[in-house]
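Inspection log for the structure reproduced underneath, given as structure tokens.
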């Protein structure tokens, strides 16, 4: 990944009304030191983030990502982001991205320990080449996430619905999948409900009906999943939220992991059992996801 741009942000109050937030931005060398050793994002993973796909300099699904950033901030008791300020920061970063695919990351940390304000920054980098997995698909294994589907409501301090910087478990799940000779994982609750991938949402097809696990129960509402459902609706297909039982994964006529950078990646096996690969629909999904969307 080649880093192209880094913009430090002096967070503005959520109700600050400005037409131009340029004075709150500082461009820094992405290869230079920029964070204090007391920064809680690095010490404790105490913060939130978003990853926004960029196609030929156009940032995708910006509104949905900013809405989720605000939602995560509320769950984590962080100051509410000023959406207009962050939107201008995204535009500045996108302008530094050339042709092809890039990724913009938004980070909001609790800041320096005992410090007065949060720390915020935006980066832009070249995205990995995901062409092969979009065509060939991935093998996944199901992994128990270690809690039942009612746990997030019973224990909101687990922050299951927030996109936090604490991604050690997610990365450990992907490493475990590779140890099991797979490419990725799908989390399942201890009572057998499908949740999501470590870095993706899950979508299943049964005939002409498409489903994704209902938001809640610790499932992050996927911005790319929303775009896929919008596309399916335009095609006159049913796309619905529902609780998905783990055995339904291998019974699907097709399935995908979807995310902002990899886009729509077909699942070709679950725990060693094969799933049909719908190459035509996958290609149409990715053509749509690669088109400009706000």
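FYI, it's all coordinate maths here, none of it is from the lab. Here the structure is a predicted model, which means the values were calculated and not measured. Methodologically, a virtual Cβ is constructed for each residue, glycine included, from the backbone with ideal geometry; neighbour enumeration extends over all protein chains shown.
Numbers for the structure displayed
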read-out	value
Kirkwood hydrodynamic radius (C-alpha pairs) into Stokes-Einstein, segment 102-189, 20 °C and 1.002 mPa s, D in µm²/s	133 µm²/s
Projected label distance in nm at residue 15 and residue 209, using a 7 Å step from Cα toward the beta-carbon	4.7 nm
Helix 223-234 axis, angle to the chain major axis (alpha carbon atoms, nearest 10°)	50 degrees
Taking segment 3-126 and dividing mean pair separation by its residue count, relative contact order in percent (alpha carbons under 8 Å, at least six apart)	38 percent
Dmax and Rg, reported as Rg then Dmax, of segment 4-60 (C-alpha, Å)	14.1, 37
DSSP beta bridge pairing in segment 127-222, given as percent antiparallel to the nearest 5	55 percent
Average Cα contact separation per residue, segment 73-201, under 8 Å, 6 or more apart, as relative contact order %	21 percent
Approximate spin-label separation residue 170-residue 230, in nm, with each point projected 7 Å along Cα-to-Cβ	2.1 nm
Shape call, segment 131-289: gyration tensor on alpha carbons, a/c limit 1.5	prolate
Degrees between helix 279-289 axis and first principal axis of the chain (Cα, 0 to 90, nearest 10)	20 degrees
Distance in nm between pseudo-label sites at residue 283 and residue 43 (7 Å out along the Cβ direction from Cα)	5.4 nm
Most mobile listed residue (270, 28, 244) in the chain, GNM with C-alpha springs under 10 Å	28
Chain lengthening between residue 77 and residue 23 when straightened (0.36 nm per residue, less Cα-Cα)	16.8 nm
Structure-based [θ]222 nm, the chain - -39500 (n - 2.57) summed over DSSP H runs of at least 4, per residue, nearest 500	-7500 deg cm²/dmol
Relative contact order [Cα under 8 Å, 6+ residues apart], the chain, whole percent	19 percent
Helix 62-75 axis, angle to the chain major axis (alpha carbon atoms, nearest 10°)	80 degrees
Cα gyration tensor category, rounded, prolate or oblate, for segment 12-111 with a/c compared to 1.5	rounded
Cα gyration tensor category, rounded, prolate or oblate, for the chain with a/c compared to 1.5	prolate
Fewest-first sequence of 83, 194 by Cβ atoms within 10 Å of each Cβ	83, 194
Within a Gaussian network of the chain (alpha carbon springs, distance under 10 Å), most fluctuating of 252, 73, 34	34
